[in-house]
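J.: Provided herewith is a single structure, encoded as structure tokens, for subsequent inquiry.
The values are calculated or read from the model by the stated rules, or taken from the named source; none is laboratory data. Everything quoted here is computed from the prediction, not taken from an experiment. Counting neighbours? That spans all protein chains shown, and the Cβs are built from the backbone with ideal geometry, glycine included. Note: areas computed on protein heavy atoms with side chains; ligands, DNA, RNA excluded. Shrake-Rupley method; radii C 1.70, N 1.55, O 1.52, S 1.80 Å.
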Amino acid sequence: MNYRVLPQGVLRPAGLKNLTTASLVLGAISFASTASEADPVTCALQSKFDQKEVGEATGNIEKMRALFAAINENRLAEIIPCVAAPNFERHDLTGAIPGVKGQQGALNFIGDLKSAFPDLRLEIADIFSADEKVVVRFAASGTHLGTYLGHEPTGKRIKVHNINIYRFDGGRVVETWQLTDGVGLLRQLGIMERSLLDNRVR
């Protein structure tokens, strides 16, 4: 697929130090720039992505595939106005990381994850839709090279399974319900084992 390259500003990922829970539920990249709130057609015209990929006539499943590809390729800031509404809201089904709202909130959320796992990659296993909703089952993998939950980088590779539900309205995502294997993530990093040992010593 071909893409048109337009001038972009320097992008900066945010830190992860404010996260205090065990859940890793994926959503979008943190940048210094503010996400646009253009309508989907205008957004598609101005983005690097071909209009056929994220334009108004594109199906919801194709939009989600484009979104996941953009996360993998560190280009989410260019596509987020095309697939997420300004009033976007993320529901964390574990209650671990609440309060992610709006396009910029979504960008900041994934930016924090990218700062801890710079090679973060999402692989879709299943994707299907019903009415205005799209369900995606996917695996997130990466290397722990940045501070995560206050823990120094371990250099360990992780692979975590997730199921997300996205609700569309007017061609863009307005809500998402997200669930991940946060316990499995901490076990792979060795964080849970260390916590259990600390508790036993006490």
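J.: Residues that are at pLDDT below 90: which strands (runs of 3 or more DSSP E) entirely in segment 83-152 hold 1 or more of them? Working first, answer last.
T.: Values: elements: 84-92, 121-130, 133-143.
Result: 84-92.
J.: Inside segment 116-153, can you point out the residues that are under 18 Å from Asn72 (Cβ atoms) and charged (D, E, K, R)?
T.: Asp119, Arg121, Glu123, Asp126, Arg137
J.: Can you pull out the residues in segment 87-111 that are open to solvent by less than 50 Å² (accessible area, probe 1.4 Å) and either of a type in the set (Ser, Thr, Tyr) or touching a Lys or Arg at 6+ places or on another chain (Cβ under 9 Å) (or both)?
T.: Once the filter is applied, which keeps residues that are open to solvent by less than 50 Å² (accessible area, probe 1.4 Å) and either of a type in the set (Ser, Thr, Tyr) or touching a Lys or Arg at 6+ places or on another chain (Cβ under 9 Å) (or both), segment 87-111 yields Phe88, Arg90, Ile97, Val100, Gly105, Ala106, Phe109, Gly111.
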